[in-house]
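What follows draws every value from the coordinates through simple rules; no lab data is involved. A quick note: this is a predicted structure, and the numbers were derived from the prediction, not measured. Quick reminder, even Gly has a Cβ in these numbers, built from the backbone with ideal geometry, and neighbours come from all protein chains shown.
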Amino acid sequence: MLLAPDIYFYPSNSKETNCNTIVIDGPEKLIIDPGRKNRWPELEARLAADGFGPGDFHLALLTHSHPDHLETAEFLARDHGLTLALHEAELAFLRGRNIDTTLPFKALREGPLFFGGRYFLLYHAPGHSPGSLVLHWPEAGLLVTGDVYFSGTFGATDCPGGHEADMFETLARLEELPDVSLALCGHGPALSGGRAIKDNYAALKREISLKKAGLWKSITV
């Protein structure tokens with residue numbers, strides 16, 4: 001569904017682990033984290049309702065390489081020639097797990113990304129995975145967080161490649177970013193408005209404090 005000009009948000013409707021998908025429309029169309037392959041028919045129908053087909057996209061950006069974010073991207077690469085872009089550290093991590101090296105992967109680094117005549121900023125955001133990537137579109141006030149953080153909590157650090165201290169540093173860094181009024185997370189609802197985003201960082205800080213004190217117990221994605 002259209003959430004803001006040229007920003008489409010498709011929250012996961014699945015009870016199984018699957019991620020949210022984001023599309024940024026324009027002369028060149030960007031799809032972010034298209035999710036699990038077995039949920040593709042549902043997502044394809046939702047995209048079609050907004051006028052998008054699988055061959056319309058020019059790039060698939062992956063915030064990280066966990067299967068609930070990656071599987072459909074692999075399918076789109078094989079069947080539609082879509083280039084898959086992810087951070088170079090995540091690509092190295094993924095290649096260590098015997099991926100299909102014939103797929104069209106593009107390694108990204110932190111810094112500016114010029115795509116479709118627009119200016120984005122990419123941030124290397126380790127903690128949930130070695131090469132987690134956050135996309136910032138300053139002009140639109142948009143931050144795409146992947147599984148770095150969600151509404152009320154942040155991504156698990158006890159999965160392969162996760163690192164708790166890296167996550168804490170990542171969260172502190174992201175909090176300093178200006179021009180963010182909409183945060184689209186890998187799971188759960190969007191965070192809309194500066195107050196909601198500020199309050200969420202306060203909640204994340206509380207969780208960090210409790211975890212450092214050994215007092216936090218929860219189930220995270």
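Brief remarks follow.
- Couplings 3J(HN,Hα) of the stretch 56-73, computed from phi: 7, 8, 9, 7, 10, 9, 10, 5, 6, 9, 5, x, 5, 10, 9, 4, 5, 4 Hz, in residue order, whole Hz [Karplus 6.51 cos²θ - 1.76 cosθ + 1.60, θ = phi - 60°; x for Gly and Pro].
- Take the Cα of Arg109, step 7 Å toward its Cβ, do the same at Glu139, and the gap between the two points is 2.4 nm.
- The chain - percent relative contact order, Cα under 8 Å, separation 6 or more: 14 percent
- Each Lys or Arg adds one and each Asp or Glu subtracts one; over the other residues with Cβ under 14 Å from the Cβ of Ser181, this totals -1.
- Sum of -39500 (n - 2.57) over DSSP H runs of 4+, divided by residues of the chain (222 nm, nearest 500): -9000 deg cm²/dmol
- Modelled FRET efficiency - R0 41 Å, Glu44 with Ser181, Cβ distances, 0.05 increments: 0.85
- Residue-wise HN-Hα couplings along the stretch 27-33, as the Karplus relation 6.51 cos²θ - 1.76 cosθ + 1.60 with θ = phi - 60° gives them from phi, are x, 10, 9, 10, 10, 10, 6 Hz; Gly and Pro carry x.
- With a Förster radius of 22 Å applied to the beta-carbon distance between His163 and Asp199, the computed FRET efficiency rounds to 0.25.
- Among the trypsin sites (Lys or Arg not before Pro) in the stretch 21-112, those placed in a DSSP loop whose Cβ has at most 13 other Cβ atoms within 10 Å are Arg97, Arg109.
- Rounded tilt (10° steps) of 164-175 against the dominant C-alpha axis of the chain: 80 degrees
- Projecting label points 7 angstrom from Cα along Cα→Cβ for Glu28 and Leu215 puts them 5.0 nm apart.
- Leu94 sits among other residues whose Cβ lies under 12 Å from its own Cβ, and their net charge, with Lys and Arg +1 and Asp and Glu -1, is -2.
- Close amide H contacts of His163 (hydrogens built in the peptide plane, cut-off under 5 Å, sequence separation of 5 or more or a different chain): Gly127, His128.
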